[in-house]
Every structure is written in structure tokens, then in C-alpha cells.
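Reading through the C-alpha cells given below for one structure.
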Amino acid sequence: MPEIVWIVEDETDIRELEKTVLEENGFSCRGFATAGEFMRSFQEATKKPDVVILDIMLPDRSGLDLIRWLKEKNPSIGILCISARGEEIDRVIGLDLGADDYIPKPFSPREMVSRVRAVLRRHQSSPPPSSSILQWEGIRLDTARFHATIDGEEVPLTATEFRLLAILVENPGQVFSRENLIERLWNNEKAIMDRTIDVHIKHLREKLKNYGSCLQTLRGIGYKLDRPQGIRSSD
Ligand code: CA
């Protein structure tokens, strides 16, 4: 079964180019010129897309709204944002809302295809633990069910955040460089920028509540999960 990619893009030339290139690469595609058209079809479709390529600037609704909407409908669908130059802030918000990655316009069709494949891999490959439960202090991850709790309370994480946290929880105290994390999460796709990791870390830190300060940044080196120095575990 070919993987299904839906494209939401109001510029006909770009939409048709994306569709053609993806179909040449074996994907099954549908294109939509407006958010409304996409949302209607999504509701009706029996086979939902595996990945949605989303232009941020749409005529009837912001692509950012669509990310929110999609995440509510089905959080397991991969989302790849496309944004024009000068929309840096939208990209960051897009990632914060749960998009997996973004591509700045103009982009090469080959790059787009490799990003789509990377998003699919992230959503399909499971994390590597030996047991299905990973735990560090009050952070508990059920990797079989992609379910995370902090001190017994459920925390909604995106697929990427979950895998990132699983790596850190499995190796407490160990320092991971950005390059190392990118390699583990995305098989070292060169195109993925450091900034992507930063955004996922920032978002994860907010969701970790009391443990947020345990997800430490070591300037110029990388990240680790550990108690900040001088603070001891209460138990
Ligand atoms: Ca547009």
C-alpha cells in the first residue's frame, strides 16, 4: 500500500509540482487549494493521510490553525509545514503546535521528498527500549502505547517529543549533543537544522512541569536529563 500524502497549498503550480514529484516517488497524493476543502475531505475520508504537507499562508484560514485542528483530530498524522521567506516566527509556532518539520520556500522537490520520508520514518519507527516501560523519577513512559505520565498525570506529547524524552529517560545523566540527538531521531538527515531540536526541547521542557529544569542545556555541548546541581530528589 502506498503511503498517503495530502497537500494543502493555494498556489496551483506549487501544489501540482509537489503532487507530481511525490507520485513519481510512489506516494498516493491528493491536493487541496483551501483549508476548508481539506477539512471537509479529511472528515469524509475513510483512509486518512499518513503525512500532510501544509502551506502556512492559505487564503481562508491560517495553516497554523490547521495544525491545531489536525492534532486534535488525529495526533499521529505527520505534518510538514511549508513557509515563505520571512515567516520564521510561523515556522517556530508551527513546530510548537506539533508539526514535525518545516521547509522554507523555495525548496527543491528532492528535498521535499526526503523530508516526507523522514517524517514517515519518525512516525513509523518505534523507540528502541528493551522493556515497554521507561521511568526516571516521576517521569514514566509506556513506549508500547506512546503514553507519558508525569507524577501520575498524563502528558500529551508529539511523536518526536516522546522519542526524544525516551532517549533521555533511558540514559539519565548522559549528555547528548544536538548532532547525536538528530542522528538518533532522524537518522542524521543533514537538512534538519539544530533549531528543530531546540524547539522540541523547549516544548518538552514546558510539558515536563516540575521536571522541566531537569532537562538541562549545556551551552555549546548539548542536552541531558538530570537533577540540577544543588537540588536533591525528595525521596
Ligand atoms: Ca500560500
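The values are calculated or read from the model by the stated rules, or taken from the named source; none is laboratory data. Everything quoted here is computed from the prediction, not taken from an experiment. Here the Cβ positions follow ideal geometry from the backbone for every residue, glycine too, while neighbour counts run over all protein chains shown. For accessibility, only protein heavy atoms count, side chains too; no ligands or nucleic acids. Shrake-Rupley method; radii C 1.70, N 1.55, O 1.52, S 1.80 Å.
Relative to the Cα centre, the charge distribution of the chain, modelled as +1 at Lys and Arg Cβ and -1 at Asp and Glu Cβ, gives a dipole magnitude of about 600 debye. Net charge of the neighbourhood of ALA45, taken over other residues with C-beta under 13 Å away and scored Lys/Arg +1, Asp/Glu -1, is +2. Full extension of the segment from ALA144 to ASP198, taken as 0.36 nm per residue of separation minus the current Cα-Cα distance, would add 16.8 nm.
In terms of its C-alpha gyration tensor, the stretch 4-124 has a rounded overall shape, because the principal axis ratio a/c (a ≥ b ≥ c, square roots of the eigenvalues) stays below 1.5. For the charge dipole of the chain, defined by +1 on Lys and Arg C-beta atoms and -1 on Asp and Glu C-beta atoms about the Cα centroid, which residue among VAL199, HIS147, GLY98 has the Cα displaced farthest towards the positive pole? Checking the options against the dipole of the chain, the answer is HIS147. Tell me, how many Å apart are the Cα centres for the stretch 69-83 and for the stretch 138-157? Using only Cα atoms to place each centre, the spacing works out to 21 Å. Per residue, the solvent-accessible area of the chain (1.4 Å probe, heavy atoms of protein chains only, all protein chains present) comes to 49 Å². Per-residue extension of 0.36 nm, minus the Cα-Cα distance of ARG121 and VAL175, leaves a gain of 17.0 nm for this segment.
Taking only protein heavy atoms and a 1.4 Å probe, the accessible area of the chain is 47% carbon and sulfur.
Assuming a ≥ b ≥ c are the square roots of the Cα gyration tensor eigenvalues, decide whether the chain counts as rounded (a/c under 1.5), prolate (otherwise, with a/b larger than b/c) or oblate. Prolate is the answer for the chain, as a/c is 1.5 or above and a/b outweighs b/c.
The antiparallel fraction among DSSP beta bridges confined to the chain stands at about 45%.
If each residue of separation counts as 0.36 nm, what is the full-extension length gain between LYS105 and THR46 once their alpha-carbon separation is subtracted?
Working: separation 59, 0.36 × 59 = 21.24 nm, distance 3.15 nm.
So the chain would gain 18.1 nm between LYS105 and THR46.
Note on the chain: dipole from Cβ charges, positive end direction compared against TRP69, ASN25, ILE167; the farthest Cα belongs to ILE167.
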